[in-house]
Amino acid sequence: MGNNLDLNSLLSLPIKIKCPTCKRKIKSYFDDYDIECGSPDASNYEDGYMRLMIYCDICETTFYGVVESKIKSIELD
């Protein structure tokens, strides 16, 4: 058992994603993403990108989904 995060709730990521190889919609498993096995990699350029490893169980392809994050400053009331 690894360290799992619910990235669907935390970052509003999609429940399904399109596989670039077989073009089918597959479950992203971002709701139970294992950060030890998935090895999320932050970009080396501090540009707000993070790569998430995704596995298609239909065509058995491993690929990455890229998440871009931005921080917006707002004043508190």
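Each reported figure results from applying straightforward, stated rules to the coordinates on display, with no laboratory input. Source: prediction; values computed, not measured. Cβ coordinates were reconstructed from backbone atoms using ideal geometry, including for glycine residues, and neighbour counts include every protein chain displayed.
One table, with the values for the structure above:
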{"quantity": "Segment Asp77-Asp6, length gained on full extension (0.36 nm per residue, minus Cα span)", "calculated": "22.6 nm"}
{"quantity": "Once exposed loop trypsin sites (Lys or Arg not before Pro) are cut out (DSSP; at most 10 other Cβ, 10 Å), longest piece of the chain", "calculated": "24-69"}
{"quantity": "The chain: relative contact order as a whole-number percent, Cα under 8 Å and 6+ apart", "calculated": "23 percent"}
{"quantity": "Orphan Cys of the chain, criterion: no other Cys C-beta under 4.7 Å", "calculated": "Cys37"}
